[in-house]
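Presented below is the structure to which this report refers.
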């Protein structure tokens with residue numbers, strides 16, 4: 001569970017950086033517009049303007065790594081331990097064969113998202129899996145650990161649907 005907590009914290013930090021850089025990089029927010037109370041002598045030590053594109057590329061890559069790591073962390077056990085996956089899905093009232101199938105889809109889509117290949121399609125697939133997990137597992141159990149992780153992953157997948165993969169990707173597009 002410590003790995004999930006670290007992934008959640010890292011996702012929150014990456015999302016915070018996205019806000020600081022600005023959505024899509026077209027309207028960057030400058031650091032000191034976010035912290036207006038900093039005194040003038042310290043304000044002059046740090047440049048006020050920054051080129052948002054390199055930072056945005058790094059942030060998108062970091063977010064892709066975190067999302068892929070989370071899906072691999074949960075997908076690999078379902079993909080390789082068929083009995084575990086079948087029992088788990090049947091325990092949720094779902095057909096057992098879906099367990100390993102979903103596991104393999106998570107693994108393949110996470111790897112493709114990691115390298116930036118067809119990132120919009122892969123994030124849509126992972127988003128549908130997350131919506132299914134939220135509806136069948138998280139919401140019936142009430143508010144519990146894992147709900148916030150799935151919601152953050154869903155928001156991250158939605159972000160990938162509406163953004164380019166960045167320069168640190170297979171396509172290398174902006």
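The values are calculated or read from the model by the stated rules, or taken from the named source; none is laboratory data. Predicted, not measured: the structure shown is a model, and the values here were computed from it. Positions of Cβ are generated from backbone atoms using ideal geometry, with glycine treated the same way; all protein chains shown enter the neighbour counts.
Conditions (1) touching a helix residue (DSSP H, G or I) at 6+ places or on another chain (Cβ under 7 Å); (2) under 24 Å from residue 169 (Cα atoms), marked per residue:
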residue	(1), (2)
80	no, no
83	no, no
92	yes, no
103	yes, yes
114	yes, yes
122	yes, yes
Checked against (1) over 15 Å from the mean Cα position of the chain (by Cα); (2) loosely packed, with under 14 Cβ neighbours inside 10 Å, residue 136 satisfies every condition except (2)
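Here's the yes/no breakdown for (1) free of Cβ contacts under 8 Å to residues at least 60 places away in the same chain; (2) within 20 Å of the chain's Cα centre (by Cα); (3) not in a helix (DSSP H, G or I):
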{"site": "69", "(1), (2), (3)": "no, yes, no"}
{"site": "73", "(1), (2), (3)": "no, yes, no"}
{"site": "76", "(1), (2), (3)": "yes, yes, no"}
{"site": "84", "(1), (2), (3)": "yes, no, no"}
{"site": "88", "(1), (2), (3)": "yes, no, no"}
Answer yes or no as to whether residue 104 is under 24 Å from the mean Cα position of the chain (by Cα), surrounded by fewer than 17 Cβ atoms within 10 Å (Cβ to Cβ) and modelled with pLDDT of 95 or more.
yes
